[in-house]
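A.B. asks: Take this structure, written in structure tokens, and hold onto it; I'll ask about it next.
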Amino acid sequence: MAGVSTKAIKNRIRSMESTKQITKAMEMVAASKLRRAQAQVLSSRPYFEILYSTIHDIVDANRDFSSPYLSERKGKKVAYVVIAGDRGLAGGYNSNILKLVMADAKDKEATVLPVGKKAVDFFNSKKIPMLTANYAHAESVSVGDCFTMANNLCKRYLAGEFDEIYVAYTNFVSVLSQTPLILKLLPLSRSEEAAKSTVNSDMLYEPNPEEVFEAVVPEYLGGIVYGALCESRAAEQAARRTAMDSATQNAEEMIADLSLKFNRARQAAITQEITEIVVGS
Amino acid sequence: MNGFPLKIVTPDGLQFDGIAEEIVVRTTTGDLGILAGHINCIAPLGMGQATVVIDGQKKYAACIGGMISSVNGSVTLLPTTFEWADKIDVERADASQMRAKAVIADKNSTSTEIRMAEARLKRALIRKNVANLK
């Protein structure tokens with residue numbers, strides 16, 4: 001009887017050890033990918049910050065004209081660009097962002113543009129209309145893809161298919177902390193202080209304000225989506241690294257626990273054998 | 001010559017941050033030159049060559065897409081791609097030119113394919129031209 005239980009424990013230890021090896025390997029892969037993604041985020045961040053602030057400066061300073069990109073519409077048709085990962089085993093990375101989108105889209109007519117396999121699968125199962133499922137592989141989406149996406153969205157926005165456009169992504173705060181966020185892309189709204197002031201701007205638009213906006217807004221969208229993608233990629237690797245690190249630790253704890261049980265069972269078996277021999281002689 | 005603070009940032013990183021004396025870029029409606037003390041302005045960029053004068057030295061670059069803005073004396077260039085003449089990969093531009101030409105010559109190409117190939121060809125030609133200027 002004792003023999004059977006030691007054997008079972010031994011099997012469990014062995015399987016736990018192979019699990020630990022896998023999680024350890026995944027952690028190391030994520031760590032090396034994270035280093036690359038982190039470098040990319042740091043090098044591209046100035047672009048998005050400047051792009052964002054420049055566009056908002058222009059919007060705040062604008063008194064000269066109105067553009068469909070600037071006017072708020074009352075409709076409820078909303079488009080979300082949702083950036084998630086291709087694979088699971090990354091802690092709460094995928095579920096956090098998807099939950100946030102579902103909560104935000106509750107009483108709106110939402111259409112999504114999912115990036116990453118997990119997002120595509122999720123919205124498929126929820127039967128939420130998708131613009132395209134072409135970006136099911138988040139790791140291979142390029143800058144060019146982001147600009148194509150942005151042009152497409154702008155065209156549909158101008159055609160009145162959507163009243164608002166958002167991007168949902170995970171902000172890479174640090175290696176240990178990532179926060180899911182929803183950022184409004186369109187319409188561009190004026191900040192509150194700017195709305196109060198009535199000073200005329202002396203901005204020169206070359207050739208004219210409408211054309212500048214028509215050309216610049218898709219660029220802006222594309223740039224911001226690409227930035228969000230970079231942030232999300234780094235956040236995914238960071239989340240996976242943390243999740244796999246704690247999985248490895250848990251496996252180690254369990255192995256230690258099981259080894260102790262195994263040794264106790266082995267000792268008990270030996271003691272029993274000795275007792276049997278002593279009694280028998 | 002008076003200088004002005006210039007920032008050139010692309011999605012790939014900061015390309016330049018410092019004082020420049022002059023910048024000429026190709027906008028959608030033609031070349032636009034900016035010197036110190038320019039009026040606040042903003043213009044979308046086309047595809048073309050950018051010339052930046054830093055410390056009296058002319059530097060050339062291939063600059064494609066994006067926008068340029070001058071606000072309160074400081075100029076920000078936000079192109080989609082920006083490559084200094086000495087960093088241009090001429091072999092890649094050559095390969096891209098060949099591919100684009102093949103698509104345009106192919107009678108079976110659709111109009112979108114041809115349009116994209118033409119844009120690619122133009123980019124490749126700009127890169128090669130700029131690379132020859134260094």
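A.B. asks: Would you mention how many residues in segment A:101-113 are in a helix (DSSP H, G or I), closer than 17 Å to A:M130 by Cα and open to solvent by 30 Å² or more (accessible area, probe 1.4 Å)? Give the derivation first.
C.D. replies: Of all residues in segment A:101-113, those in a helix (DSSP H, G or I) come to A:101-104.
If we keep only those that are closer than 17 Å to A:M130 by Cα too, we end up with A:101-102, A:104.
From what's left, open to solvent by 30 Å² or more (accessible area, probe 1.4 Å): A:102, A:104.
Number of matching residues: 2.
A.B. asks: What do you reckon, is B:A36 open to solvent by less than 50 Å² (accessible area, probe 1.4 Å), closer than 23 Å to B:K128 by Cβ and more than 14 Å from every other protein chain (Cβ to nearest Cβ)? Outline the logic, then answer.
C.D. replies: Numbers: open to solvent by less than 50 Å² (accessible area, probe 1.4 Å): yes; closer than 23 Å to B:K128 by Cβ: no; more than 14 Å from every other protein chain (Cβ to nearest Cβ): yes.
The answer is no for B:A36.
A.B. asks: So which of A:A31, A:A79 ends up being outside any loop (DSSP other than H, G, I, E, B), assigned by TED's automatic domain parsing to the domain that holds A:I165 and farther than 30 Å from B:S74 by Cα? Explain how you work it out, then say what you get.
C.D. replies: Details: A:A31 fails: assigned by TED's automatic domain parsing to the domain that holds A:I165.
The unique qualifying residue is A:A79.
A.B. asks: Considering each residue of segment A:154-177, count those that are of a type in the set (S, T, N, Q) and either at pLDDT 90 or above or outside the structural domain of A:G92 (by TED's automatic domain parsing) (or both), and give that number.
C.D. replies: 2
A.B. asks: Which one of the conditions (1) over 36 Å from the mean Cα position of the chain (by Cα); (2) under 19 Å from A:N11 (Cα atoms) does A:G280 fail to meet, given that it meets all the rest?
C.D. replies: (2)
A.B. asks: Which one is nearest to the other protein chains (Cβ to nearest Cβ) among residues in segment B:17-33 that are open to solvent by less than 40 Å² (accessible area, probe 1.4 Å) and over 15 Å from B:S69 (Cα atoms)? Quick ask: steps written out before the conclusion?
C.D. replies: Initial filter on segment B:17-33 (open to solvent by less than 40 Å² (accessible area, probe 1.4 Å)): B:18, B:20-21, B:23-25, B:27, B:30, B:32.
Filter once more, so that each one left must be over 15 Å from B:S69 (Cα atoms): B:18, B:21, B:30.
Numbers: B:G18: 14, B:E21: 21, B:G30: 9 Å.
Looking at residues that are open to solvent by less than 40 Å² (accessible area, probe 1.4 Å) and over 15 Å from B:S69 (Cα atoms), I get B:G30.
A.B. asks: Here is a further query. Against the condition within 30 Å of A:A238 (Cα to Cα) and either open to solvent by 10 Å² or more (accessible area, probe 1.4 Å) or away from every other protein chain (no Cβ under 14 Å) (or both), how does A:S125 come out, does it pass?
C.D. replies: Working: within 30 Å of A:A238 (Cα to Cα): yes; either open to solvent by 10 Å² or more (accessible area, probe 1.4 Å) or away from every other protein chain (no Cβ under 14 Å) (or both): yes.
It is true that A:S125 is within 30 Å of A:A238 (Cα to Cα) and either open to solvent by 10 Å² or more (accessible area, probe 1.4 Å) or away from every other protein chain (no Cβ under 14 Å) (or both).
A.B. asks: Within the group A:A228, A:A234, which residue is of a type outside the set (S, T, Y) and within 30 Å of A:M16 (Cα to Cα)?
C.D. replies: On the way: A:A228 fails: within 30 Å of A:M16 (Cα to Cα).
The conditions single out A:A234.
A.B. asks: Would you check which residues across segment A:3-59 are within 14 Å of chain B (Cβ to nearest Cβ) and exposed (fewer than 15 other Cβ atoms within 10 Å of the Cβ) and list them?
C.D. replies: Scanning segment A:3-59 gives A:R36, A:A39, A:L42, A:E49, A:S53.
A.B. asks: Of the residues B:T27, B:T76, only one is closer than 23 Å to A:V143 by Cα, among the β-branched types (V, I, T) and in contact with a Ser or Thr (Cβ under 6 Å, 6 or more places away or on another chain); which? First the steps, then the outcome.
C.D. replies: Numbers: B:T27 fails: in contact with a Ser or Thr (Cβ under 6 Å, 6 or more places away or on another chain).
Result: B:T76 is the single residue among B:T27, B:T76 that is closer than 23 Å to A:V143 by Cα, among the β-branched types (V, I, T) and in contact with a Ser or Thr (Cβ under 6 Å, 6 or more places away or on another chain).
A.B. asks: Something else now. Kindly provide the set of residues from segment B:103-122 that are open to solvent by 60 Å² or more (accessible area, probe 1.4 Å) and out of contact with any helix residue (DSSP H, G or I) (no Cβ under 7 Å at 6 or more places or on another chain), ordered by number.
C.D. replies: B:A105, B:D106, B:K107, B:N108, B:T110, B:S111, B:T112, B:R115, B:M116, B:K122
A.B. asks: Going by the conditions given, is A:K118 more than 14 Å from every other protein chain (Cβ to nearest Cβ), surrounded by 22 or more Cβ atoms within 10 Å (Cβ to Cβ) and under 30 Å from A:T19 (Cβ atoms)?
C.D. replies: Considered against the rule, which asks whether it is more than 14 Å from every other protein chain (Cβ to nearest Cβ), surrounded by 22 or more Cβ atoms within 10 Å (Cβ to Cβ) and under 30 Å from A:T19 (Cβ atoms), A:K118 comes out as yes.
A.B. asks: Moving on to the next point. Restricting the search to segment A:204-225, which residues are open to solvent by 20 Å² or more (accessible area, probe 1.4 Å), assigned to a helix (DSSP H, G or I) and facing chain B (nearest Cβ under 7 Å)?
C.D. replies: Within segment A:204-225, A:A215, A:E219 qualify.
A.B. asks: Please work out if A:S259 is open to solvent by less than 20 Å² (accessible area, probe 1.4 Å) and hydroxyl-bearing (S, T, Y). Write out each step before concluding.
C.D. replies: Numbers: open to solvent by less than 20 Å² (accessible area, probe 1.4 Å): no; hydroxyl-bearing (S, T, Y): yes.
Answer is no for this residue.
A.B. asks: For residues in segment A:141-159 being crowded, with 19+ Cβ neighbours inside 10 Å and farther than 24 Å from A:D86 by Cβ, which is nearest to the other protein chains (Cβ to nearest Cβ)?
C.D. replies: So the residue we want is A:C154.
The values are calculated or read from the model by the stated rules, or taken from the named source; none is laboratory data. Remember, it's a predicted structure, so these values are computed and weren't measured experimentally. A quick note on method: Cβ atoms are made from the backbone with ideal geometry, for glycine too, and the neighbour counts reach across all protein chains shown. Heads up: the accessible areas ignore ligands, DNA and RNA and are worked out on the full protein's heavy atoms, side chains in. Shrake-Rupley method; radii C 1.70, N 1.55, O 1.52, S 1.80 Å.
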